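The structure under discussion appears below in the form of structure tokens.
The values are calculated or read from the model by the stated rules, or taken from the named source; none is laboratory data. Remember, it's a predicted structure, so these values are computed and weren't measured experimentally. Don't worry about glycine lacking a Cβ; one is built from the backbone with ideal geometry, like all the others, and counts go over all protein chains shown. Ligands, DNA and RNA are stripped out before the accessible areas are found, and what is left, the full protein with its side chains, is counted by its heavy atoms. Shrake-Rupley method; radii C 1.70, N 1.55, O 1.52, S 1.80 Å.
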Amino acid sequence: MRARWYRHLRIVLLSAGLALLWLSLARAQQPVFRIGVLDTADGSITRGAELAVEEINRGGGVTGADGTVFALELVIQPVTDLTQSVNQLNQASVIAVLGPEKTLDVLGNLPVLQSLQKPVLTTATDDTILALDTTDRILRLRAQEAALGRALATYLASDVNPGSIATIQLDLESTAGVVGFTTALADAGLTTTQSFLLETGTPVETLAAQVAAAQPEVAVIYGPPDVASLMYLALRVSGWEGVFVYNQAGDPVFRANVPVQQYAGILGATTWSYAATDQRSEAFTLAYLRAFGAVPGPVEAAAYDGITLLATAINRPGDLLTNLLSLEAVGGVQGALNPAQLIRGETGTSVFITETGILGGVAVLARYAGNVRQPDDFDVIENPATPTPQPSATPDGVFVTIARSVQNVRSGPGTNYDVIGQLRQNDTARVVGANVDFSWLVIDLRGTQGWLSRDILEVSGDLNQLPLIPAPPTPTPPPATATPLVPTVAPVPDIIVLSVVPTRLTVGVPFTVTVTLLNQGGSNAGPFAVASTFQPGGIYAAVNLPGLAAGQQTVINLGGTLVGPTGPQNVVIVVDLNQEVAEGPGGEANNNFSYPYIADAAVQSVNGTGTLSIAESATFALDNGTPDIQWQGGSLIPQGGTRLVILSGFATLDQVHRDAITASALATVTLPTVPVGALIGFQTDGGGKYGVFQVTQATAGGSLVFNFRVYE
């Protein structure tokens, strides 16, 4: 009996051994895709990626477009010497790279990362990373810092609605985050009452005492976790009992320095939280806990989503980077991943608003996809999480979607009316009325009527449903002199922007924007700062001024170099950035100045702009080479390989930018009718240069006259 049992056991063990051997041989023979990881062996990116790869391989692997099944393999390299690590990854023939995790590691090593010539999927959230990447191969796996600021500002405005908000900046590296949050806060209808900066050499306790004396209801902190924890404890010791907001409250350093008894009630914004209750998040958290015996964080979730994106892209035919950028509605732990519907390089827009609990855990208070708050019973997203969904044209009403980066909302139907607010790209609003020719539409803006120019909007719904709303009285024009009359002068400083020039900036070439300031108040202003973040590229520029006397003007210059695509831009120039000047409510309302401009490519240095007059049947060259076009019988006839297109959506030559031309349907076809005012985009035959000209005279059998611009 016992012998028979032993014989049976040997058969079972032999069978199991053969099965394991077969599995090992099968895996050894299975083709492999290697993915690089720039992280430590037990780092957050590594662990998130390892879990995803293990699950995929356990399920059989990834099926390529031709039906071949591949296993995934990670090649992990440290960030301590990125040049050497990149060389190792190149030798390993990786198809893509995850990491680095931190912004400084990315920005400090951009040329090295770009030398990979492979998709680099980073978890860093700094707004400038994608703009500075000239290869367009870097993708961001988490919502950018600006999205975190917008979601936090929206939540504070809708759920907290505090009477006073202070920002506390603990290091200079946080400036962009502070500016982004305060701008978003203004868009949400709130403003910061005070801003504090921890100067070098100033004890944290000293600054905490200043904040406590101001008694803000909400304090929003930006800076490193170790200093933030000291600031938090110092504020509580000083007796301040307001709401403390810190995006890195879950950081191990911050948690280690704050006693559990004082940890409850801290608000924050993050790209993912283990407290999320949707099915995908809960499954990921449980799997991670079982695999590593620890709770995952937002970086681990982003790395897991990065492997998900790569596996999905591998399944499609064609170039991996192209496939990644074309993905839509990929179910991720963070939410829906939509590279195809976002700015190039962005993959998601999910933000979670969290609050720490009395036992040291966190709870999710709200969840956002772009600017849209998700319902409380939110579960797995299967549809694109676009920043704001385009409303359908239904009998429920008329909606507009903002199509440019920023659009002014005015008090009446015309640019001579005051700007009373701004909406950002992809924001939507319900339309409540229109003027008689529907050229201006009316929305409800925080309880008052706001007017939007229809020319630059995407409209859905039946405009005929709208009631006609008469225009309010035209605003009284300002006095001829910039100095106000003595009886109306405010007893406090009031710094305003009088003008900003130029209206056209060149991408890739250092620019200088000249800002003219006026103190129209009744008393002198002390030191203050003026700043803006120019696009494309998120180029931050600021100037500190020693002061400005009442009634006096001054001129400052903001400069930098734009990086990214061309096109219309509208940024906010912030006066008194750190709110150092007590201007009163009226003066504070003037501190955000909207500056629209065109970001365009460089123009050909020789004969790149001007006016040409072409006689009947004559040919002419636009790139100083062989003839590009012939004017004959009222038609434009392309010569050689010259391509032409009539541009739509533009009224003047100065509204056109290079990318608008390259994105148009250029073709080597004759344009038989060329009306006066027409804008013609072109690509020359020999040099392949792009350009545009606007017709000012076109006579069949006579001359063609046009103004032109040719790009380098």
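Some values worked out for this structure:
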| item | result |
| --- | --- |
| J(HN,Hα) series, the range 209-224, from Karplus relation 6.51 cos²θ - 1.76 cosθ + 1.60, nearest Hz, glycine and proline x | 5, 5, 5, 4, 5, 6, 6, x, 6, 10, 10, 9, 9, 10, x, x |
| FRET efficiency for ASN161 and ASN624, using Cβ-Cβ distance with R0 set to 56 Å, rounded to 0.05 | 0.35 |
| Accessible carbon and sulfur surface of the chain relative to its total accessible area, %, 1.4 Å | 54 percent |
| The range 498-577: projected area of the alpha-carbon convex hull, averaged over directions, in nm² | 5.0 nm² |
| With at most 16 neighbouring Cβ atoms within 10 Å, loop trypsin sites (Lys or Arg not before Pro) (DSSP) excluded, longest segment of the chain | 447-712 |
| Cα→Cβ-extended label distance, 7 Å offset, between ASP171 and LEU653, nm | 5.0 nm |
| Solvent-accessible area of LEU457 with every protein chain in place, 1.4 Å probe, in Å² to the nearest 10 | 20 Å² |
| Dipole moment magnitude, nearest 20 debye, the range 194-348 about Cα centre, only Lys, Arg, Asp, Glu C-beta charged | 260 debye |
| Gain on full stretching of the segment that runs from VAL705 to ARG430 - 0.36 nm per residue minus C-alpha separation | 94.5 nm |
| Other-chain or far-sequence residues with amide H under 5 Å of GLN552's (modelled H) | ASN519 |
| Contact order relative to length of the chain, as percent, for alpha carbon pairs under 8 angstrom and 6 or more apart | 8 percent |
| Where labels lie 7 Å past Cα in the beta-carbon direction, separation of THR322 and ALA542 in nm | 4.4 nm |
| Per residue solvent-accessible surface (Å²) - the chain, probe of 1.4 Å | 45 Å² |
| Separation in nanometres of the label points that stand 7 Å from Cα toward Cβ, at ALA329 and GLU54 | 3.2 nm |
| Scaled radius of gyration (Cα, divided by 2.2 N^0.38 Å) that the chain gives | 1.11 |
| Per-residue ³J(HN,Hα) for the range 549-555, Karplus 6.51 cos²θ - 1.76 cosθ + 1.60, θ = phi - 60°, Hz, x for Gly and Pro | 5, 4, x, 9, 10, 8, 10 |
| Theoretical ellipticity at 222 nm over the chain - DSSP helices of four or more residues, -39500 (n - 2.57) apiece, nearest 500 | -7000 deg cm²/dmol |
| Amide proton proximity set for GLY421, modelled H, under 5 Å, gap of 5+ | VAL409 |
| Cα principal axis extents for the range 219-376, largest first, Å | 62, 34, 30 |
| Whole-Å distance, taken between Cα centres, linking the range 162-231 and the range 300-364 | 30 Å |
| Inverse mean reciprocal Cα-Cα distance (Kirkwood Rh) of the range 63-212, Å | 18.5 Å |
| Using θ = phi - 60° and Karplus 6.51 cos²θ - 1.76 cosθ + 1.60, couplings along the range 180-185 (whole Hz; Gly, Pro as x) | x, 5, 5, 5, 5, 5 |
| Whole-number Å³ per residue for the convex hull built on Cα positions in the range 86-164 | 99 Å³ |
| Assigned charges on the beta-carbon of Lys, Arg, Asp, Glu; the chain dipole about Cα centre (debye) | 1640 debye |
| Sequence-distant residues sharing a close amide H with LYS689 (under 5 Å, placed H) | THR684 |
| For the range 608-712, the Rg and Dmax computed from alpha carbons only, in angstrom | 12.1, 33 |
| Cα-based Rg and Dmax for the range 282-359, where Dmax is the largest Cα-Cα distance (Å) | 14.6, 52 |
| Percent of beta bridges antiparallel (DSSP, the chain, rounded to nearest 5) | 75 percent |
